[in-house]
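Visitor: One structure follows; several queries about it will come next.
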Amino acid sequence: MSDNSLRLVWVYPDLLSTYGDQGNALVVERRANQRGLHVERHDVRSDQPVPTSGDIYLIGGGEDRPQRLAAERLRRDGNLSRAVANGAIVFSVCAGYQILGHEFINDLGQREPGLGLLDVTSTRGEGERCVGDVLGDIDEPLGLPQLTGFENHQGVTHVGPSARPFARVRLGKGNGTGDGTEGAYNDTVFGTYMHGPVLARNPQIADMLLRLALDVNALPQVDDRWYEALRNERIAAATQPA
Ligand code: GLN
């Protein structure tokens, strides 16, 4: 943070924004603006170096081939790892989440190394693709309301001992391991399978990222009636009997 200005970096929109993940950048930007913060947003294409000076990095979901290309380029670039070593916050979705882990199975069926920023390992699920609405309880220490989102992935993610599951699902598959976990996090790096886009459906997560970036315990309240209406609509739709 410098001069009331927050640096928001959206990583590789050309490869990883298949499921409306741009919405996550818009929500962080909007909620920062509502708190009087200026946001310098950098959309970093995969042929450009990732800046190391960001406060918050967002990385979205993608199909299997773009996911491999993104992992190769991020490993070669190295700057996301440098930024995290300097304390940057990263919020990742689906393919982005898998890339932040130790490895995942790529479109060629091979083990592809990730960045190792989050203690998770992804394999290819043998069963049906995980597709559908998700509801979950976010890990208690984070103090956030119920998680809602939409998942669409074949990968299955195992959370290692240095990370915590981000949530426990009430509905849906989440990490797909059958243990009810969804996503993972450590001090500043977060991963989830939730699309939606997830921050539009769960703006309190965007506020958590802002609090971490600003190093504050609370932010001024904003009018969340629109978000609440959307959340309630999605929760009602997801829990309606078929
Ligand atoms: N390609 C990955 C999988 O299917 C991620 C998909 C996604 O980002 N939605 O597991």
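Visitor: Could you count how many residues in region 123-162 are away from the ligand (no atom under 13 Å from the Cβ) and of a type in the set (S, T, N, Q)?
Guide: Result for region 123-162: 3.
Visitor: What's the number of the only condition in (1) away from the ligand (no atom under 16 Å from the Cβ); (2) modelled with pLDDT of 95 or more that GLY176 fails to meet?
Guide: GLY176 satisfies every listed condition except (1).
Visitor: Identify, please: which residue in region 10-21 is in contact (Cβ under 8 Å) with a residue 60 or more places away in the chain and under 12 Å from HIS42 (Cα atoms) and is, among those, surrounded by the fewest Cβ atoms within 10 Å (Cβ to Cβ)?
Guide: Looking at the filtered set, the residue picked out is TYR12.
Visitor: Shifting gears a bit: Would you pick out the residues in region 60-84 that are polar (S, T, N, Q) and either more than 23 Å from LEU212 (Cβ to Cβ) or free of Cβ contacts under 8 Å to residues at least 24 places away in the same chain (or both)?
Guide: We begin by selecting, within region 60-84, every residue polar (S, T, N, Q); these are 67, 79, 81.
Correct list: GLN67 only.
Visitor: Sticking with this one: Can GLY62 be described as within 11 Å of the ligand (Cβ to nearest atom), assigned to a loop (DSSP other than H, G, I, E, B) and crowded, with 23+ Cβ neighbours inside 10 Å?
Guide: Criteria met by GLY62.
Visitor: Further question: Can you pull out the helices (runs of 4 or more DSSP H) entirely within region 133-242 that have at least 2 residues that are surrounded by 16 or more Cβ atoms within 10 Å (Cβ to Cβ) and under 13 Å from the mean Cα position of the chain (by Cα)?
Guide: 198-201, 203-214
Visitor: Then there's this: From the list ALA163, ALA229, ALA206, which one is more than 26 Å from ARG82 (Cβ to Cβ) and aliphatic (A, V, I, L, M)? Break it down into steps so the answer makes sense when it comes.
Guide: Numbers: ALA163 fails: more than 26 Å from ARG82 (Cβ to Cβ); ALA206 fails: more than 26 Å from ARG82 (Cβ to Cβ).
Testing whether each residue is more than 26 Å from ARG82 (Cβ to Cβ) and aliphatic (A, V, I, L, M) leaves just ALA229.
Visitor: Pull out all pairs, ordered by first then second residue, where Cβ-Cβ is under 6 Å, the residues are six or more apart or on different chains, the first lies in region 113-127 and is at negative phi, and the second is of a type in the set (Lys, Arg) and outside any strand (DSSP E or B).
Guide: none
Visitor: I would also like to ask the following. Taking into account only those residues within region 3-15 that are within 16 Å of the ligand (Cβ to nearest atom) and touching a strand residue (DSSP E or B) at 6+ places or on another chain (Cβ under 6 Å), which is farthest from PRO66 (Cα to Cα)?
Guide: For region 3-15, the residue satisfying everything is TRP10.
Visitor: Residue check, THR121 against (1) among the hydroxyl-bearing types (Ser, Thr, Tyr); (2) within 20 Å of ILE59 (Cβ to Cβ); (3) under 15 Å from the mean Cα position of the chain (by Cα), all met but one. Which one?
Guide: The number of the failed condition is (3).
Visitor: Taking region 93-126 on its own, how many of its residues are at pLDDT below 95 and touching a helix residue (DSSP H, G or I) at 6+ places or on another chain (Cβ under 9 Å)?
Guide: Of the residues in that region, 0 qualify.
The values are calculated or read from the model by the stated rules, or taken from the named source; none is laboratory data. Owing to the predicted nature of the structure, the values given are computational and were not obtained by experimental measurement. Here the Cβ is made from the backbone with ideal geometry for all residues, glycine too, and neighbour counts use every protein chain on show.
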